[in-house]
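Reading through the structure tokens given below for one structure.
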Amino acid sequence: MTTPLPETKFEALRAHLLEHSVKRGDFILKSGRKSSWFIDSKQTVCRPEAMVLVADGILSVLPDDVTAIGGLTMGADPVAFVTAGVAAERGRGLKAFSVRKEAKDHGAGGRIAGALDPGDRVVITEDTVTRGTSLLEAAHAVIEAGAVPVLLVAVVDRGGTCAAMAAAEGLEFTALLTAPDLGFDYEGA
């Protein structure tokens, strides 16, 4: 499923990703598989001319009852924080948080850094997904913290398998853009 962004904003985001984030060549993915293309979506998410496009895309798919947005650090951080900031400017309060890769063993401890409270209805986000394991790992940490994940959202779905993985756990998944939107085949698990 792709974002309900107006076509002009969708095309602007797509063009930005193709210009700044998509690389062609020989790459080894996190899974160990080889690929002829790589996408570093942070090159789009972290550039000022694209930040509001990304936030608009994420906000266009959020349910009205969502109270927090975050995900596994580092991929989720810029997406969650820029979305929460733009939402606040528009009068919608969204807490933002990160899920650490490992629990902190000092201070307050735990895996959650930022604003997340028990009972929050949460969108888990990520810049790019291939298999979706980072989204699911973050969803499990959110559940352990007493909050409720209601939607998983990626800026780019390059793998095409995340929706099925999420559905198997009773979660909904959407992406702002997909590998085919960028001119590539899916590279699933």
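Here, each number is a calculation from the coordinates, and none is a lab measurement. A quick note: this is a predicted structure, and the numbers were derived from the prediction, not measured. In this analysis, Cβ positions are derived from the backbone assuming ideal geometry, glycine residues included, and neighbour counts consider all displayed protein chains.
Calculated [222 nm] ellipticity per residue, helices only, for the chain: -9500 deg cm²/dmol; basis is -39500 (n - 2.57) per DSSP H run with n ≥ 4, divided by all residues, nearest 500. Which label marks the calculated value of semi-axes √(5λ) of the Cα gyration tensor in Å, given the options (i) 31, 17, 15; (ii) 25, 20, 15; (iii) 34, 16, 14? Structure-derived value, by its label: (ii).
By a straight-distance test (C-alpha under 16 Å), which lysines pair with K34 as possible cross-link partners, with residues fewer than eight away in the same chain excluded? Once the sequence-local lysines are set aside, what remains near K34 is K23. The GNM of the chain, with springs linking C-alpha atoms under 10 angstrom apart, assigns the highest mean-square fluctuation among A168, A50, A84 to A168. Between E89 and L18, the simple spin-label model (points 7 angstrom out along Cα→Cβ) gives 2.6 nm.
Taken as Cα centroids, the range 63-135 and the range 140-189 sit 15 Å apart, rounded to the nearest whole angstrom. In this Cβ point-charge picture (+1 for Lys and Arg, -1 for Asp and Glu), the chain has a dipole of about 400 debye about its Cα centre. Comparing V22, V99, V155 in a Gaussian network model of the chain (Cα springs below 10 Å), the most mobile by mean-square fluctuation is V22. Dipole of the chain computed with +1 at Lys/Arg Cβ and -1 at Asp/Glu Cβ about the Cα centre; of A103, T128, A80, farthest Cα towards the positive end is A103.
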